[in-house]
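> I am attaching a structure below and will ask some questions about it afterwards.
The values are calculated or read from the model by the stated rules, or taken from the named source; none is laboratory data. Since the model is a prediction, treat every value here as computed from it, not as a measurement. In this analysis, Cβ positions are derived from the backbone assuming ideal geometry, glycine residues included, and neighbour counts consider all displayed protein chains. To get the accessible areas, we keep the full protein, side chains included, count just its heavy atoms, and leave off ligands, DNA and RNA. Shrake-Rupley method; radii C 1.70, N 1.55, O 1.52, S 1.80 Å.
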Amino acid sequence: MDMPLTITTVMRHAEMYHGEREVVSAVSEQDVRRTSYSGVFRRARKLFNALQALGCQPGDRIATLAWNHQQHLELYYGVICGGYVLHTINPRLFDDQIAYIINHAEDKWIFTEPEFIPTLERLKPQIKHVNGIVVLDTDDDAGASFRNVHVYEHLLAGQDDTCAWPEPGENSACAMCYTSGTTGNPKGVLYSHRSLLLHTLSTAVLDAGGPGANDVIMPLVPMFHVNAWGLPFRAPLVGAGIVFPGRYMGNPQVVGRLITQEKVTYGVSVPTIWQMLLDHLDRSGGNLDTLRKAVVGGAATPLSLFERFRDDYGVELAQGWGMTELCSAGTLNVPGPDFELLDEEQRRQYPLKQGKPIFGLEVKITDDGDNALPWDGVAAGHLKVKGLTVCESYFGATEAESGVDANGWFTTGDVATIDPDGTIQVTDRSKDLIKSGGEWISSIELENCAMTHPAIAEAAVISAAHEKWTERPLLIAVKKPDQTVSREDLLAWFDGKVARWWKPDAVIFVEELPHTATGKVSKLTLREQYGDYLLAQNV
Ligand code: ADP
């Protein structure tokens with residue numbers, strides 16, 4: 001039968017076959033709120049009726065400034081299945097960026113946590129198309145002075161819990177995210193029902209050992225960051241329960257307790273959050289006994305994290321790679337039969353690879369002249385992709401700004417090697433690459449090496465201007481508390497571990513590294529600060 005591939009089918013399926021599965025949200029450091037998928041979808045119907053009553057028209061952008069919790073999931077389904085476009089905004093962006101993307105997306109309503117009202121009040125004079133705001137999780141207007149201010153619970157209370165969902169075409173837009181725009185303005189990526197559904201199915205297929213109906217998933221990645229990597233769709237599709245950390249994602253005590261108390265079996269997050277959790281468990285003597293699998297992605301992950309998960313907590317940590325422009329996941333590291341043929345050291349290093357592409361994603365690597373490079377696990381080139389889940393062009397941008405070439409290949413901005421079996425290893429971002437005397441040096445490999453030093457907590461390697469070689473690697477490192485290591489000893493650590501000419505020229509120790517709004521090390525800031533260090537020091 002010719003039925004459209006829509007997220008509405010996920011909702012229907014989950015409601016019919018997994019309706020009783022629990023959805024748990026942390027509402028304070030101690031307390032949780034419990035409901036089920038049936039409860040979420042019942043309230044999503046009320047929300048859809050409320051949005052219609054507010055005068056929303058098909059295709060209108062409805063924004064959220066919200067943490068990971070039940071109401072945000074209701075918004076995911078009420079807005080998306082209601083024929084509107086869910087625009088999830090990262091509240092950690094700078095004021096000007098938030099104002100820019102609200103205006104650029106032409107958001108009509110903003111659903112917000114009370115704590116972001118001061119931000120919106122500050123931005124009010126700049127915001128152009130917004131009819132009003134809806135405040136989550138409170139009984140009053142939380143001090144908002146917009147023309148229309150509603151309380152979410154009051155809005156839903158008056159509505160019927162039945163509705164006739166519209167039947168949008170599978171290619172209609174249903175959600176959007178902006179990339180963080182480390183240079184220039186953020187760029188909007190619009191997702192269709194079809195791309196999100198195919199992404200949900202493709203990730204489930206590749207991650208065959210991943211969550212199923214007996215699992216409980218914890219998305220430790222924000223619902224405002226690439227749709228929490230698709231888990232709000234994947235969990236109901238497979239019938240897994242969900243535990244949302246609410247506003248406590250960065251609080252390892254709460255996260256650790258929730259995992260144990262709610263018997264979480266599968267978690268996904270970025271390296272920093274996992275690291276914080278393990279540090280806390282090391283100190284407090286806690287465990288991760290319920291967890292059977294964890295996924296890490298979003299930034300390069302040191303080998304030590306995989307080893308700590310496995311050796312200290314008995315949990316398999318698998319790496320994934322993705323981007324806002326790919327609906328989220330592009331690859332997942334799932335070792336195939338060839339894994340057994342590798343020698344011991346290759347097996348030890350294997351978790352550092354980002355893995356194989358999901359179904360429907362084609363990849364290639366090219367040199368600076370756009371010539372394809374071999375899949376030999378050695379040649380590193382610009383990683384390009386095309387496929388069912390790849391963004392064709394940015395919202396409201398010209399074709400020239402799309403990053404897609406005439407043959408349909410999208411330039412990811414990452415540099416990678418590809419093994420003969422298609423397994424990818426990201427060695428850098430193009431803009432972070434160090435080109436020393438015309439040769440490429442992988443900053444990620446140098447960072448991994450630095451982070452295996454027992455005294456080093458975090459490390460970043462940037463390209464610094466150099467008189468003779470144009471660019472040379474400069475290591476910026478944070479020591480673990482109470483640990484000492486000299487600059488000379490840290491540099492000597494690289495001897496025999498990387499090619500001699502890759503060894504950083506100098507080390508700078510700092511108290512902490514700067515991070516972007518999405519929690520990644522901001523190499524741009526580091527380059528601005530230390531880009532001329534080698535010239536100044538005459539190294
Ligand atoms: P941004 O950080 O630019 O806002 P995304 O959140 O979409 O955008 O991040 C995508 C980028 O994150 C990728 O292009 C890549 O550079 C980096 N990234 C994602 N996953 C990994 C990974 N597993 N290892 C290394 N880098 C990663």
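> Report, by residue number, each residue of segment 294-313 that is away from the ligand (no atom under 16 Å from the Cβ) and in contact (Cβ under 8 Å) with a residue 12 or more places away in the chain.
R308, D312, Y313
> Follow-up question, since we're still on this one. Restricting to segment 316-342, count the residues that are open to solvent by 80 Å² or more (accessible area, probe 1.4 Å) and either under 16 Å from the mean Cα position of the chain (by Cα) or without any contact (Cβ under 8 Å) to a residue 24 or more places away in the chain (or both).
3
> Taking the conditions exactly as written (among the hydroxyl-bearing types (S, T, Y), over 21 Å from G19 (Cβ atoms), open to solvent by less than 10 Å² (accessible area, probe 1.4 Å) and touching a residue at least 24 places away in the same chain (Cβ under 8 Å)), does Y178 satisfy them or not?
The answer is no for Y178.
A quick yes/no check of all residues on (1) among the aromatic types (F, W, Y); (2) part of a loop (DSSP other than H, G, I, E, B); (3) more than 28 Å from the chain's Cα centre (by Cα); (4) within 16 Å of the ligand (Cβ to nearest atom):
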position: A465; (1), (2), (3), (4): no, no, yes, no
position: V485; (1), (2), (3), (4): no, yes, yes, no
position: F494; (1), (2), (3), (4): yes, yes, yes, no
position: V507; (1), (2), (3), (4): no, no, yes, no
position: L513; (1), (2), (3), (4): no, yes, no, yes
position: L526; (1), (2), (3), (4): no, no, no, yes
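> Let me ask something else. Name the residues in segment 322-364 that are under 29 Å from V498 (Cα atoms) and part of a strand (DSSP E or B), would you?
Answer for segment 322-364, where residues must be under 29 Å from V498 (Cα atoms) and part of a strand (DSSP E or B): G322, M323, G330, T331, L332, G355, K356, P357, V363, K364.
> List, please: which pairs have Cβ atoms under 9 Å, are six or more places apart or on different chains, and start with a residue in segment 411-423 that is at positive phi and end with one that is more than 10 Å from the ligand (Cβ to nearest atom)?
Pairs found: G413/H382; G413/G403; G422/K356; G422/P357; G422/V363; G422/W375.
> Take the residues in segment 204-227 that are within 16 Å of the ligand (Cβ to nearest atom), outside any loop (DSSP other than H, G, I, E, B) and more than 17 Å from T265 (Cβ to Cβ), then tell me which one is modelled with the lowest pLDDT.
L206
> A follow-up question, please. Considering only segment 82-92, state which residues are buried (at least 22 other Cβ atoms within 10 Å of the Cβ) and on the phi < 0 side of the Ramachandran plot.
Once the filter is applied, which keeps residues that are buried (at least 22 other Cβ atoms within 10 Å of the Cβ) and on the phi < 0 side of the Ramachandran plot, segment 82-92 yields G82, Y84, V85, L86, H87, T88, I89.
> Does segment 414-422 contain any residue that is among the β-branched types (V, I, T) and either open to solvent by 30 Å² or more (accessible area, probe 1.4 Å) or within 30 Å of L86 (Cα to Cα) (or both)?
No, every residue in segment 414-422 fails to be among the β-branched types (V, I, T) and either open to solvent by 30 Å² or more (accessible area, probe 1.4 Å) or within 30 Å of L86 (Cα to Cα) (or both).
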